[in-house]
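Participant: My questions all concern the structure below.
The values are calculated or read from the model by the stated rules, or taken from the named source; none is laboratory data. All values derive from a computational prediction rather than experimental measurement. Positions of Cβ are generated from backbone atoms using ideal geometry, with glycine treated the same way; all protein chains shown enter the neighbour counts. Just the protein is used for accessible areas: all its heavy atoms, side chains included, with ligands, DNA and RNA removed. Shrake-Rupley method; radii C 1.70, N 1.55, O 1.52, S 1.80 Å.
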Amino acid sequence: MKEEKSFETESRQILDLMINSIYSEKEIFLRELLSNASDAIDKYRYCSLTKPETYPTKEHFIRIAADKKKRTITITDNGIGMSKEDIENNLGTIARSGSKEFLAQLEKAKKDQDYSIIGQFGVGFYSVFMVASKVEVITKPIDGPAHLFSSNGEATYTIEDCDYDADNGTQITIYLKKDEGDLHFSDYLETYKIENLVKKYSDYIRYPIKMEVSVSKPDLDKDGKPIEGKYHDEIEDKTLNSMVPLWKKAPKDVKEEELNEFYKSKFGDFENPLLSINVHTEGIYSYQALLFIPGHVPYNLYSENYEQGLSVYSRGVFIQDYYKDLIPNYLRFVKGLVDSDDFPLNVSREMLQKTPEMAKIAKNVETKIISELKKTKKNDEEKYNKFFEMFGEFIKYGIYSTYGMKKDDLQDLLLFHHLNGDKPISLEDYVKNMAKDQKEIYFASGKNLDEIKALPQLEAKKKDGVDVLLLDKNIDEFCVMAMHDYDKKEFKDVSSESDGELSKEDKERLDKLEADNRRTLDNLIEGLKGKVDNVIFSAKLVDSPVCLSTKEGISMNAERIINEEPGEKNEEMKSSKVLEINPDHDLWKAVAGLGDDEQIKDYASILYDEAMLLQGYDIEDKATFVRKLNALFVKAASK
Ligand code: ADP
Ligand code: MG
């Protein structure tokens with residue numbers, strides 16, 4: 001029985017694009033199909049470990065055949081095969097996250113009118129429609145009947161029962177499009193072309209990719225000796241790939257190019273990785289690993305459906321993708337695989353998590369990644385800065401989420417924006433540049449760099465040329481709090497109440513001012529009851545009239561961040577504020593000049609609201625603020 005079905009909408013969009021866009025790299029279709037065949041064999045082999053009665057062990061292969069007359073390429077594998085339901089789920093629907101990313105990129109490309117990025121995209125099975133006018137897939141699972149899937153890449157596909165003369169596996173027949181202008185689809189029928197593409201993209205595939213090739217052999221005389229100058233063609237079965245998994249080769253023999261291609265095909269990415277780490281460790285625990293830091297932030301990295309973890313192989317046999325316990329949460333952006341003889345081969349996936357070997361190897365992998373990052377930071381500043389821009393928050397999260405336990409490992413990977421330079425700075429460099437008498441590492445935090453740089457609390461620091469770290473990411477402040485200090489120098493918020501830096505003269509001057517104005521200050525404290533705990537004179541300010549500091553406990557910035565997060569809040573999540581006044585500013589003079597106790601209490605809110613505004617916060621009652629400020633002007637002017 002033949003059924004006609006529609007592709008789901010998203011699939012159709014991709015199909016459309018595949019067919020209609022101008023792709024620079026149509027040839028990647030072969031890589032995609034071969035990698036699917038290899039995955040299918042991996043799956044079969046895994047089943048024959050766990051369910052040997054249903055899945056007898058066999059020799060696995062992938063075979064390519066080209067038929068110039070029919071203009072077809074056929075790719076056959078004896079892997080897991082698909083049931084009818086599998087066909088619908090896997091080929092009729094986009095289950096693949098990479099394809100969804102493709103659509104996301106497409107939306108972006110449409111907006112920017114820049115289609116170049118899409119041309120580099122591999123979107124799995126559908127890429128076949130770049131070169132095919134029709135595709136037929138015959139597929140059979142070992143414990144079920146065979147089906148034929150057929151589609152010309154338009155809105156629908158058909159599925160029907162069929163015969164297949166193998167026990168299991170998949171055979172894909174590609175009917176090549178007609179040649180047109182520069183597009184020579186016929187090239188893909190040439191043996192040399194296929195050989196080249198296999199070498200280029202699929203050499204590491206662990207199963208033989210075979211093809212019958214015709215080789216020229218010398219004619220032999222009746223004694224079996226070659227006759228000079230006389231040749232004939234013979235058909236020979238040739239394995240096109242070297243079959244050594246890339247991670248089993250000695251790292252020195254692996255070219256960066258190969259790692260890049262491997263990464264792109266295994267992880268469905270369209271960009272080269274930023275960093276590839278090739279690890280071979282011999283010792284109590286031996287393992288090989290290929291670890292990659294993507295060249296761009298995966299579009300779903302922050303979402304729940306991001307699949308985190310490394311692929312696990314044992315003795316070259318694939319066991320599981322996205323194995324979480326091999327990589328700590330804060331390195332979730334790392335992609336890769338680990339192969340170890342110490343991983344037990346025939347255990348269930350649940351058991352795998354419990355082995356002590358796993359934990360040891362996981363620790364080792366983490367250490368390796370950190371040390372490679374440190375190396376990059378030292379040797380390639382530009383690359384490291386790019387890394388940190390993309391994934392730096394995860395490193396900070398690593399420090400914060402482990403309550404500072406990983407501080408020693410991670411602190412030298414950190415970079416922060418800072419006041420005295422445009423490029424982010426490491427803590428090491430910040431400390432190196434500190435003046436002899438500076439004891440603490442200053443930071444200022446807020447919503448974004450512009451707002452932080454405008455903080456009144458920075459005015460005196462700017463005047464004196466003192467550098468300050470500018471913490472503009474939500475995680476930043478929590479990270480430095482978890483660290484407490486770096487190189488025995490404590491982190492110090494410029495917005496915290498005591499400056500610690502007050503010179504003797506400053507202190508004397510402020511103490512005297514305070515004594516002289518005690519009554520006014522008390523009135524202001526009274527007027528700001530519930531909002532601030534204290535009102536003091538400040539040495540931090542140069543141009544601004546006021547600022548708000550916080551006492552021990554959380555800062556205003558931390559309070560803002562916590563309040564933005566969903567969930568219940570408690571009292572400890574509120575900062576306790578101190579209003580600091582610039583005694584040289586006219587606003588202070590105007591308020592103090594009011595003289596009348598009640599009026600000073602009433603006008604205290606102007607000082608508070610101005611500080612809020614200056615620090616980038618909203619104020620509660622804007623109309624009252626404006627009314628009082630205007631009244632103050634009038635009063636001052638009429639004096
Ligand atoms: P991906 O390989 O990333 O999952 P593809 O679009 O390449 O995405 O393939 C979609 C799905 O179709 C695969 O996940 C697999 O389940 C199924 N599939 C494709 N080719 C084969 C094959 N040769 N044998 C068995 N299943 C296959
Ligand atoms: Mg695939």
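Participant: For the stretch 542-598, which positions are more than 25 Å from ASP464 (Cα to Cα) and polar (S, T, N, Q)?
Facilitator: Answer for the stretch 542-598, where residues must be more than 25 Å from ASP464 (Cα to Cα) and polar (S, T, N, Q): ASN563, ASN570, SER575, SER576.
Participant: Please enumerate the residues belonging to the stretch 449-472 that are in a loop (DSSP other than H, G, I, E, B) and more than 19 Å from ASP429 (Cβ to Cβ).
Facilitator: Going residue by residue through the stretch 449-472, those that are in a loop (DSSP other than H, G, I, E, B) are 454-455, 465-468, 472.
ALA454, LEU455, listed by residue number.
Participant: Going through the stretch 193-209 one residue at a time, which ones are over 14 Å from PRO245 (Cα atoms) and of a type in the set (Asp, Glu)?
Facilitator: GLU195 - this is the single residue of the stretch 193-209 that is over 14 Å from PRO245 (Cα atoms) and of a type in the set (Asp, Glu).
Participant: Sticking with this one: List the strands (runs of 3 or more DSSP E) inside the stretch 118-203, counting only whole elements, that have at least 3 residues being within 16 Å of ligand 2 (Cβ to nearest atom).
Facilitator: On the way: elements: 132-140, 147-151, 156-161, 169-176.
Ranges flagged: 132-140, 169-176.
Results for (1) open to solvent by less than 30 Å² (accessible area, probe 1.4 Å); (2) at pLDDT 95 or above, shown as yes or no for each residue.
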{"residue": "PHE387", "(1), (2)": "yes, yes"}
{"residue": "ILE395", "(1), (2)": "yes, yes"}
{"residue": "GLY398", "(1), (2)": "yes, yes"}
{"residue": "LEU414", "(1), (2)": "yes, yes"}
{"residue": "ASP429", "(1), (2)": "no, yes"}
{"residue": "LYS432", "(1), (2)": "no, yes"}
{"residue": "ILE441", "(1), (2)": "yes, yes"}
{"residue": "ALA444", "(1), (2)": "yes, yes"}
{"residue": "LYS447", "(1), (2)": "no, no"}
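Participant: Got a sec? Which strands (runs of 3 or more DSSP E) wholly within the stretch 533-639 have at least 1 residues that are of a type in the set (A, V, I, L, M) and more than 19 Å from LEU458 (Cβ to Cβ)?
Facilitator: Details: elements: 534-537, 546-550, 577-581.
Passing ranges, in order: 534-537.
Participant: For VAL542, work out the one condition from (1) over 26 Å from LYS601 (Cβ atoms); (2) in contact with a strand residue (DSSP E or B) (Cβ under 9 Å, 6 or more places away or on another chain); (3) of a type outside the set (Asp, Glu) it doesn't fulfil.
Facilitator: (2)
Participant: Scan ASP203, ASP219 and give me the residue that is within 20 Å of VAL338 (Cα to Cα) and in the same structural domain as ASP42 (by TED's automatic domain parsing).
Facilitator: Result: ASP203 is the single residue among ASP203, ASP219 that is within 20 Å of VAL338 (Cα to Cα) and in the same structural domain as ASP42 (by TED's automatic domain parsing).
Participant: Would you say PHE633 is over 21 Å from LYS529 (Cβ atoms) and aromatic (Phe, Trp, Tyr)?
Facilitator: Values: over 21 Å from LYS529 (Cβ atoms): yes; aromatic (Phe, Trp, Tyr): yes.
Here the answer is yes, as PHE633 does meet what is asked.
Participant: Could you check the stretch 316-328 and list, in sequence order, the residues that are touching a residue at least 24 places away in the same chain (Cβ under 8 Å) and either in contact with a Ser or Thr (Cβ under 7 Å, 6 or more places away or on another chain) or assigned to a strand (DSSP E or B) (or both)? Show your work before the answer.
Facilitator: Within the stretch 316-328, the first condition is being touching a residue at least 24 places away in the same chain (Cβ under 8 Å), and the residues that meet it are 316-320, 323, 325-328.
Hits for the stretch 316-328 are VAL317, PHE318, ILE319, GLN320, TYR323.
Participant: Restricting attention to the stretch 50-83, which residues are of a type in the set (A, V, I, L, M) and over 22 Å from ILE194 (Cβ atoms)?
Facilitator: ILE80, MET82
Participant: Condition test on ASP533, is it touching a Ser or Thr at 6+ places or on another chain (Cβ under 6 Å), open to solvent by 30 Å² or more (accessible area, probe 1.4 Å) and free of Cβ contacts under 8 Å to residues at least 60 places away in the same chain?
Facilitator: So ASP533 passes the test.
Participant: Now for a separate question. For the stretch 279-309: of the residues being small (Gly, Ala, Ser) and more than 17 Å from the chain's Cα centre (by Cα), which is nearest to VAL254 (Cα to Cα)?
Facilitator: Within the stretch 279-309, the first condition is being small (Gly, Ala, Ser), and the residues that meet it are 283, 286, 289, 295, 303, 309.
Okay, now just the ones that are also more than 17 Å from the chain's Cα centre (by Cα), so 283, 286, 289.
On the way: GLY283: 22, SER286: 19, ALA289: 13 Å.
For the stretch 279-309, the residue satisfying everything is ALA289.
Participant: Residues of the stretch 320-336 being farther than 15 Å from ILE370 by Cα and polar (S, T, N, Q), which ones?
Facilitator: Listed by number, the list holds a single entry, GLN320.
Participant: Residues of the stretch 479-506 being closer than 18 Å to PRO424 by Cβ, touching a helix residue (DSSP H, G or I) at 6+ places or on another chain (Cβ under 7 Å) and part of a helix (DSSP H, G or I), which ones?
Facilitator: Of everything in the stretch 479-506, those that are closer than 18 Å to PRO424 by Cβ, touching a helix residue (DSSP H, G or I) at 6+ places or on another chain (Cβ under 7 Å) and part of a helix (DSSP H, G or I) turn out to be CYS479, MET483.
Participant: What is the residue count in the stretch 409-446 for residues that are in a loop (DSSP other than H, G, I, E, B) and among the small types (Gly, Ala, Ser)?
Facilitator: 3
Participant: Now, a different point. Scan the stretch 132-167 residue by residue and report those that are in contact (Cβ under 8 Å) with a residue 60 or more places away in the chain, surrounded by 19 or more Cβ atoms within 10 Å (Cβ to Cβ) and in contact with a helix residue (DSSP H, G or I) (Cβ under 7 Å, 6 or more places away or on another chain).
Facilitator: Hits for the stretch 132-167 are HIS147, PHE149, GLY153, ILE159.
Participant: Checking LYS264 against (1) more than 16 Å from ligand 2 (Cβ to nearest atom); (2) buried (at least 18 other Cβ atoms within 10 Å of the Cβ): exactly one of these is not met. Which one?
Facilitator: (1)
Participant: Quick check on the stretch 97-116: of everything there that is within 9 Å of ligand 1 (Cβ to nearest atom) and either aliphatic (A, V, I, L, M) or open to solvent by less than 20 Å² (accessible area, probe 1.4 Å) (or both), which residue is modelled with the lowest pLDDT?
Facilitator: GLY98
Residues checked against (1) within 48 Å of the chain's Cα centre (by Cα); (2) surrounded by 13 or more Cβ atoms within 10 Å (Cβ to Cβ); (3) of a type in the set (Val, Ile, Thr):
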position: ASN196; (1), (2), (3): yes, yes, no
position: TYR204; (1), (2), (3): yes, yes, no
position: PRO208; (1), (2), (3): yes, yes, no
position: SER214; (1), (2), (3): yes, no, no
position: ASP223; (1), (2), (3): no, no, no
position: PRO226; (1), (2), (3): no, no, no
position: ASP233; (1), (2), (3): no, no, no
position: GLU236; (1), (2), (3): yes, no, no
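Participant: Being modelled with pLDDT under 70, open to solvent by 50 Å² or more (accessible area, probe 1.4 Å) and not small (Gly, Ala, Ser), is that true of even one residue in the stretch 117-125?
Facilitator: yes
Participant: Okay, moving on. Among the residues of the stretch 287-310, which ones are at pLDDT below 90 and small (Gly, Ala, Ser)?
Facilitator: Answer for the stretch 287-310, where residues must be at pLDDT below 90 and small (Gly, Ala, Ser): just SER303.
Participant: Are any residues in the stretch 237-288 in a loop (DSSP other than H, G, I, E, B) and over 23 Å from SER38 (Cα atoms), and if so, which ones?
Facilitator: Of everything in the stretch 237-288, those that are in a loop (DSSP other than H, G, I, E, B) and over 23 Å from SER38 (Cα atoms) turn out to be LEU274, GLU282, GLY283, ILE284, TYR285, SER286.
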